[in-house]
Amino acid sequence: MMLSFTPDTSSARSPAHSSAHSRRNAILGSALLALAVLVLPILISASGSMTWLRIADIALLYIMLALGLNIVVGFAGLLDLGYIAFFAVGAYVWALLSSPHLAQAFPALGPEGLHWPMWVILPLGACIAGLFGVLLGAPTLRLRGDYLAIVTLGFGEIVRIFMNNLNQPINLTNGPQGITRINPVMFGQFSFGKSVTFGSITVPSLMLYYYLFAALAVLIVVASIRLQDSRIGRAWEAIREDEIAARAIGINTRNIKLLAFAMGASFGGVAGGLFASLQGFISPESFGLMDSICVLCMVVLGGMGHIPGVILGTLLLTGLPEALRHWAGPAQQALLGKVVIDPEALRMLLFGVALVLVMQFRPAGLWPSSTRQRELEELADTLPDDENDNDDDDDDDDEASQRSKEVRS
Amino acid sequence: MTRAHLASYTPSTKLILATAAMSLLALAGCGKQENSAPAASAPAEPAAPAIATVKIGMASPLTGPQAHIGIDIRNGVQLAVDDINAAGLTIDGKPVKLELVAEDDEANPTKATTVAQKLVDAKVAGVVGHFNSGSSIPASRVYSDAGIPQISPASTNPSYTEQGYKTTFRVVANDSQQGPVVATYAVNTLKAKTIAVIDDSTAYGQGLAGTFEAKAKELGAKIVAHEHTTDKDTDFAAILTSIKGKKPDAVFFGGIDTQSGPMKKQMTTLGMKATLLGGDGMQTPNFIALAGADAEGVMASIPGLPRDKMPGGPDFVKRFKEKFGAEVELFAPMGYDAVHVLVEAMKRANSSDPAKYLPEVGKTQYNGVIGPIAFDAKGDLVNGPVTIYVVKNGAWEAVETVGGSAPAAAK
Amino acid sequence: MCRPYATPLHPPLLYQKPDKPGINALPVKRPNVVKLREQLIPLIIDLAVVLVFLPNATNSRMDIFLQQIVNGLVLGSIYALVALGYTMVYGLLGLINFAHGEVVMVGAMVALSVINFGLANGWPLPLAVLLATASAMLCCMALGWLIERVGYRPLRHAPRLAPLISAIGISIILQQLMMLIWGSTYRPFPALFNSEPHVVLGASITDLQILIIVLAAATMGGLMLLVQRTRFGRAMRATAENPAIATLMGVNTNRVIALTFMLGSALGALAGVMVSANYAIAHFSMGFMLGLKAFTAAVLGGIGNLAGAVVGGLLLGLIEALCSGYISDLTGGMFGSNYRDVFAFLVLILVLIFRPSGLMGEKVAERA
C-alpha cells in the first residue's frame, strides 16, 4: 500500500507513472485506436444495422458516466451508490433549458419556453451537477466504507423522488410524466436530430451523435488521465490508500474529497445533458437505483482506477446484454432445436452469471492497473492462507504468468 | 529501465488493438446475424415458399419487476398473430404470414430506444408497444423517423400523442377519459361526499388520480386527502390509517392490481368501510385473486363495453387461458386488438408497406375485444364508452356503461 | 482499497459484552462497547420523533396515532427480521450480503408452493404452515451455503468491491431463476392465521402481526444468546476478530462462516414467509426493495450490531409510518406521503453525521 508519489523502490518491474519512455508505442497504439473509433460507425452502418450504432452512442455516454464515477470510486476510493443522481441533474438541466416545458409553469418565458444553446447548457449542467456533488460530499466526509455507500444510495433516491414529485406546487419537472420535446444538439441551425446529406452521402443522425459523443468522451478520457497524473490525482490516491497518512503529509482531505465528488459529478452532468438531447424525452424512471448499480458494475468489472479497464468494462456491459439479446434465442434454437428458456430471462441470467464469474477469476476487474494487480498479489502473499479449500484461485504466480493472463483476457 | 518499461507497456498496446479488433469482429458478426436470421427461418417452412412474411414488432418489459404486465401484452399479441395466421391472411391477393418479433425493453427508456432501433432494423411492418409511457415516448421518435406505425397498448401519458408524430397511436383510453367517468359515478350514483385519493406515483396512476380528483371536486365532493405510494410498495397501512382518520365515503386509487389487492386487504384489517374505486389497472382477475374475499364491493372502470357484451370478449379470455395457462392480466386485450388494427389497415391499403398503409391506420373503425376502436387526429382513442364494474361473488360484474356513441349500452 | 474483506474497516461489532470472562477464553482485548449512553440515544430519538408528532396527533385522534405506531412497529419488525440477516454476515466478515433480499424472496416462494400443495392435498392448515416454513428455511439454508461457497468464499482476499459485484450478480441470477420457475405474476399468499384483527383502543392488529413483532424480538434475543453464550458464538466472535488467529486457535473459520450464512438465510426465509403472509402477496422481485430498506435499517442501527439491527428496523418503520401519516398535515400539503423515503433517508443521513457508525455501532476508529 505504498503511495504512488513516493519514490518507487519496491521493485524494478514497476512501470513508472509517466509513459515517457514508451511514447512511441503509446502514440502508435492511440493512433490505431483513434482510427478504429473513427471507422467503427461507418462499418456498422455499412452492415445496415442502426441498432448497433445506437448502442455505440449509448456506450459512449456510459463511458463518460463510468469515468466520472471512476474518479470518485476508483481514484478517491469513495463508494458511491447514488451516482446516477448527477446524470439525472445534468439531464434535467438540459431538458428544462432546452424544451418548451418551462413555459407551462412560467408563462413569462413565452409560449416556446427556453431554448438555450448547447454552449451554455452543457457547462451549466456540469456545474450544477458538480454543486450537487459537493452537496452530497459535505455531510458524508466523516463516513467510511459501507456507511458512505448507504448514504450515497439514499441521496440518489432523494434526488429521484424530488424529480418524481416536483410537479407540485409549481410544475418544475412534470413529475412521472417526464419532459418531452427536448431539443436535439444544435450547432446554430445545424441539427443533430436529422440525417444530413453531403453530396451523395447521407450521414444518419445517430452517426452525427456518435462523433460528437466520441469527441467529448475523448475529452473526458484526457481529462481523467491528466487528473490522475496531477497533484490532485495523487492526493486522491493517497486518501484512497490511507486517509490519516494523507492528512499527516499535509493533504487537505476535506477539500480533496469534495473535489472528487464535484469532478465525478460534473462528468455525470455532461453525460446526462447529452442523454436528454439524444433521447428527446426524460422521466425519473431512467435514474433509478439499478442504473447507479449498473454504472458501478462497469467501473468495478473493468478494473476501477484504471481508465482503459473502465472503458473496457463499460463496452462489455453495454454490448454484452445487447449481444445476448441477438443470440440468446437463435443459439438455443440451433443447439437444442427449440427455445427452452425464455431468451429474455436467459439474457439477464447470463448477465448475472458473467458478473459472478468475472469476479471469481479477475477479482480486481478484467483489466486492472498493473500497480493494483501487484498490490493484490503482495497482499495475498502476506496474508496467511486461512482457507484450506483446494479450488482457491488466488494467483500467487509471478508477473509473467499474470501478464499472459492479461493478454488472454 | 527503458527495456523494462517497454516490455511492461507492450501488452497494453496489444490489448488495445485486440479489443478494437474484437469489437469490430463482434459487430461484423452481428451484421451477419441480422442477415442470416431470415434465411435460417425460411427453410423451416419449406412447404409454402410463396407465402410472404410480415413482421409485427412488440416491445414491453419482459424481465424485471414489471415483467408480468409485459409478458401479458406479448401473449395478447402472440394470440392475435396466431389467430390471424390460423384464419389465413391475404393482402393484395397474396397469402401472408405474420411473424412476431418480441423485444424486452426492461421498462428502461434507454433500452427502449435501442429495442426500437432493433425493430426498425428488423424491418417490422408495425409495432405494438411499449408498456411504460417513459419507454413509449422516446421510442416513438425512432419509429416516427422510420415511418413505422406504433400502437401502444398501455401508455396513457397524454404527451405520447402530443409530439406531432404521424406514427403514434394508442388503444388505451387516455387518462382524461376514465377518471371523470368514475368521479361522476362516485359522486352522483354512490353519493360520496368525502373522497380520499391515492396514487402510485407513476405516470399512469398520477394522471388517472388527477383527472378523477378534478372532476370530483367540480361535482362538489370534498377531497379529504391525497396520499401517495409507489408501484413497488406493499405496505399501505400508514396512508390508509391517515385516511381512516378523515372518514371518507370513498377511496379512489390510481394504480394497478398488484398494489390495490393488498391495499384492499389492509383496508379491511384496519376496519375501513369506505368503497374502494379504481381504473382499468385494477379491473383484473388478479385483483380478485390478490384481495381474496375482501375484494367484494370494490368498483373499477374499464374503457369499452362490458367484455361479455363484446363480440369476441368471453371467447378471448377463455382462449387466452387455454393457450398460456394464465389469466388475462391487464393489457393483453389491448395488445390483441392493436395487431388487428394494424392488419385491418394493411388489408384496406392492400399493402404491408408502412409508408402505404400508415394513413389507413388513422381511419380505423374496428370492433375489438376492448370495444369499438377509432382514432382522433392525434392518434388517441375517440371517446368510447366506459363501463363500471363491481366485484360480486368473486367476479367482476358490469353495473353501468357511461358515455360513448356505441348503441348498445349495458342496461 | 486493496483491503480484503476478511479484515474489515471497522473492528468487528458482533462482539458485545464480554460479561462472562469464563466464556471469553480467547485472549482478545476489547473495550466494553455497549455503553449506557449509546443505548439511550435511540430512545431519545424515538421520544423526540414522538414528541414532534404528538401535538398534532392528539389534535386529530388518539386511536389513529396509536394505529400508526402499530403500523410502524409491524413494518419495523419486518425490516428488523431481514436486517438481522445482513448484520450477522456483516459482523462476521465485514461484507454486505446484497443477495440477502433475494434469499428472503426465495423463502417466500418456496413456502408458497408448499402451502398451496398442502392445501390442495387436504393437509390441515397448521401442518401446511409448519411444513412450508420448515422447508423454506431448509431450502434457504442450502441456498445460503451455496451463495457463500460459490459467490463469496473465493473472493475472500479480493478487493472490497468484488464481493459486492458478485452479490449483485447472484441477485440477478436468483431473480431470473425464480421468474422462470414461478412465473412473473404476483401470487396471492394464503392466510396463515385467523385474519380477524384484534381492536385495542381503536387500533387493530392481527395475530400474524403480533407474531411478527414477537418473532423479531425473540430472534434478536436468541441470536445474542447464541453469539455470547455458546461455543459456536465464541467461534464466531473469534473469526470476526481475526480469522487467521482464530484458525490458529483451532476454529474452523470456513465452517463458522458457512454456518453463519446458513443461519442468516434461514432467518431470511422466516422473514420471507412473514412478509408474504402479512401482505398476502409473493413475487419474484419482492426481495430487492425489502432488502434495501432492511439494509438501510441495519446501517441506521449500526451495522454488525444485532440490537442495532432491531433498533434501526423499528426506527425506520416508525419514521415511515409517522411520515406517511402526518407529514402532509404538518407541512400544510407541501410535502405528502410521496416524500416518505426522503424523510427516512434524511434521518439516516442526520444520524450518520452525528454518529458515523450508526446508533448502536461502536465508534469506528479511523483506521482499523
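The values are calculated or read from the model by the stated rules, or taken from the named source; none is laboratory data. Bear in mind that the values here come from a model prediction, so they are computed numbers and not experimental data. For neighbour counting, all protein chains shown are included, and Cβ atoms are generated from backbone atoms with ideal geometry for every residue, glycine included.
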Quick one: how many residues across region C:158-181 are more than 7 Å from chain A (Cβ to nearest Cβ), surrounded by 19 or more Cβ atoms within 10 Å (Cβ to Cβ) and either among the hydroxyl-bearing types (S, T, Y) or within 21 Å of C:G272 (Cβ to Cβ) (or both)? 5
Suppose the filter is outside any helix (DSSP H, G or I), at negative phi, more than 10 Å from chain A (Cβ to nearest Cβ) and out of contact with any strand residue (DSSP E or B) (no Cβ under 6 Å at 6 or more places or on another chain); does C:L359 pass it? yes
Just a yes or no: is a residue in region B:269-280 in a strand (DSSP E or B), in contact with a helix residue (DSSP H, G or I) (Cβ under 9 Å, 6 or more places away or on another chain) and surrounded by fewer than 22 Cβ atoms within 10 Å (Cβ to Cβ)? yes
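Just a yes or no: is a residue in region C:332-349 more than 10 Å from chain A (Cβ to nearest Cβ) and more than 22 Å from B:K232 (Cβ to Cβ)? Spell out the reasoning first.
Within region C:332-349, the first condition is being more than 10 Å from chain A (Cβ to nearest Cβ), and the residues that meet it are C:332, C:337.
Retained after the next criterion (residues that are more than 22 Å from B:K232 (Cβ to Cβ)): C:332.
Yes, region C:332-349 contains a residue that is more than 10 Å from chain A (Cβ to nearest Cβ) and more than 22 Å from B:K232 (Cβ to Cβ).
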Looking at (1) in a helix (DSSP H, G or I); (2) small (G, A, S); (3) crowded, with 18+ Cβ neighbours inside 10 Å, find the lone condition where B:A293 falls short. (3)
Pick out the one residue from C:L314, C:L290, C:L306 that is of a type outside the set (K, R), more than 24 Å from C:N194 (Cα to Cα) and facing another protein chain (nearest Cβ under 10 Å). C:L290
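Looking at C:L138, C:L112, C:L146, C:L155 in this structure, which one is within 10 Å of chain A (Cβ to nearest Cβ) and of a type outside the set (F, W, Y)? Talk me through it step by step, then tell me what you get.
Values: C:L138 fails: within 10 Å of chain A (Cβ to nearest Cβ); C:L112 fails: within 10 Å of chain A (Cβ to nearest Cβ); C:L146 fails: within 10 Å of chain A (Cβ to nearest Cβ).
Residue meeting the stated conditions: C:L155.
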Quick check, is C:F193 more than 10 Å from every other protein chain (Cβ to nearest Cβ) and among the aromatic types (F, W, Y)? yes
For C:A277, the lone unmet condition from (1) out of contact with any Phe, Trp or Tyr (no Cβ under 8 Å at 6 or more places or on another chain); (2) at pLDDT 90 or above; (3) in a helix (DSSP H, G or I) is (1)
For region B:326-342, name all the residues that are surrounded by fewer than 24 Cβ atoms within 10 Å (Cβ to Cβ) and either in contact with a Leu (Cβ under 9 Å, 6 or more places away or on another chain) or modelled with pLDDT under 85 (or both). B:A326, B:E327, B:V328
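Can you find a residue in region B:21-41 that is away from chain A (no Cβ under 13 Å) and either modelled with pLDDT under 90 or closer than 23 Å to B:A349 by Cβ (or both)?
no
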Near pairs, Cβ below 7 angstrom, 6+ apart or cross-chain, from region C:63-74 (within 11 Å of C:L322 (Cβ to Cβ) and facing another protein chain (nearest Cβ under 8 Å)) to any residue that is part of a helix (DSSP H, G or I) and of a type in the set (G, A, S): C:Q68/B:A238; C:Q68/C:A321; C:Q68/C:G325; C:N71/B:A237; C:N71/B:A238; C:N71/C:A321; C:G72/C:G317; C:G72/C:A321
Residue count for region A:158-212, restricted to those that are within 11 Å of chain B (Cβ to nearest Cβ), more than 24 Å from the chain's Cα centre (by Cα), in a loop (DSSP other than H, G, I, E, B) and surrounded by 19 or more Cβ atoms within 10 Å (Cβ to Cβ): 2
The residue from C:G107, C:G118, C:G91 that alone is part of a helix (DSSP H, G or I), crowded, with 24+ Cβ neighbours inside 10 Å and modelled with pLDDT of 90 or more is C:G107
Those residues of region B:329-350 that are more than 18 Å from B:A173 (Cα to Cα) and either among the β-branched types (V, I, T) or touching a Lys or Arg at 6+ places or on another chain (Cβ under 6 Å) (or both) come to a total of 2
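If the requirement is being assigned to a helix (DSSP H, G or I) and farther than 28 Å from B:K244 by Cα, which of these qualifies: C:G250, C:G313, C:G287? Reasoning before the result, please.
Numbers: C:G250 fails: assigned to a helix (DSSP H, G or I); C:G313 fails: farther than 28 Å from B:K244 by Cα.
Of the residues listed, the single one that is assigned to a helix (DSSP H, G or I) and farther than 28 Å from B:K244 by Cα is C:G287.
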Would you please name the residue that is farthest from B:L358 (Cα to Cα), looking only at residues in region B:148-159 that are more than 8 Å from every other protein chain (Cβ to nearest Cβ) and touching a helix residue (DSSP H, G or I) at 6+ places or on another chain (Cβ under 6 Å)? B:T156
Of the conditions (1) at pLDDT 70 or above; (2) out of contact with any Pro (no Cβ under 9 Å at 6 or more places or on another chain), the single one that A:A56 does not satisfy is (2)
Which condition number does B:S352 fail, the rest of (1) part of a loop (DSSP other than H, G, I, E, B); (2) not assigned by TED's automatic domain parsing to the domain that holds B:Y143 being met? (2)
On the basis of being outside any helix (DSSP H, G or I), of a type outside the set (A, V, I, L, M, F, W, C), crowded, with 17+ Cβ neighbours inside 10 Å and on the phi > 0 side of the Ramachandran plot, does A:G82 make the cut? no
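Please go through region B:99-129 and give me each residue that is in a strand (DSSP E or B) and surrounded by 22 or more Cβ atoms within 10 Å (Cβ to Cβ), ordered by number. I'd like the intermediate steps shown before the answer.
So in region B:99-129, the residues in a strand (DSSP E or B) come out as B:99-104, B:126-129.
Across region B:99-129, the qualifying residues are B:A102, B:E103, B:D104, B:G126, B:V127, B:V128, B:G129.
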For region A:300-309, check the following and say yes or no: at least one residue is surrounded by 22 or more Cβ atoms within 10 Å (Cβ to Cβ) and closer than 25 Å to A:W94 by Cβ. no
For C:D329, which of the numbered conditions (1) surrounded by fewer than 21 Cβ atoms within 10 Å (Cβ to Cβ); (2) within 11 Å of chain A (Cβ to nearest Cβ); (3) among the charged types (D, E, K, R) fails to hold? (2)
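Can you tell me which residues in region C:190-221 are more than 30 Å from B:A291 (Cα to Cα) and surrounded by 13 or more Cβ atoms within 10 Å (Cβ to Cβ)? Let's see the steps before the verdict.
Residues of region C:190-221 that are more than 30 Å from B:A291 (Cα to Cα), as a first pass: C:218-221.
Answer for region C:190-221, where residues must be more than 30 Å from B:A291 (Cα to Cα) and surrounded by 13 or more Cβ atoms within 10 Å (Cβ to Cβ): C:T219, C:M220, C:G221.
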So which residues in region B:116-147 are at the interface with chain A (Cβ under 8 Å from one of its Cβ atoms) and under 25 Å from B:N85 (Cβ atoms), if there are any at all? B:K118, B:V120, B:D121
With criteria (1) within 14 Å of chain A (Cβ to nearest Cβ); (2) part of a helix (DSSP H, G or I); (3) among the hydroxyl-bearing types (S, T, Y), C:S77 comes up short on (1)
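Those residues that are within 14 Å of another protein chain (Cβ to nearest Cβ) and of a type outside the set (A, V, I, L, M, F, W, C), I need them from region B:322-376; list them, please. I'd like the intermediate steps shown before the answer.
Looking only at region B:322-376, we keep the residues that are within 14 Å of another protein chain (Cβ to nearest Cβ), and these are B:324-332.
If the condition is that a residue be within 14 Å of another protein chain (Cβ to nearest Cβ) and of a type outside the set (A, V, I, L, M, F, W, C), then B:G325, B:E327, B:E329 are the ones that fit.
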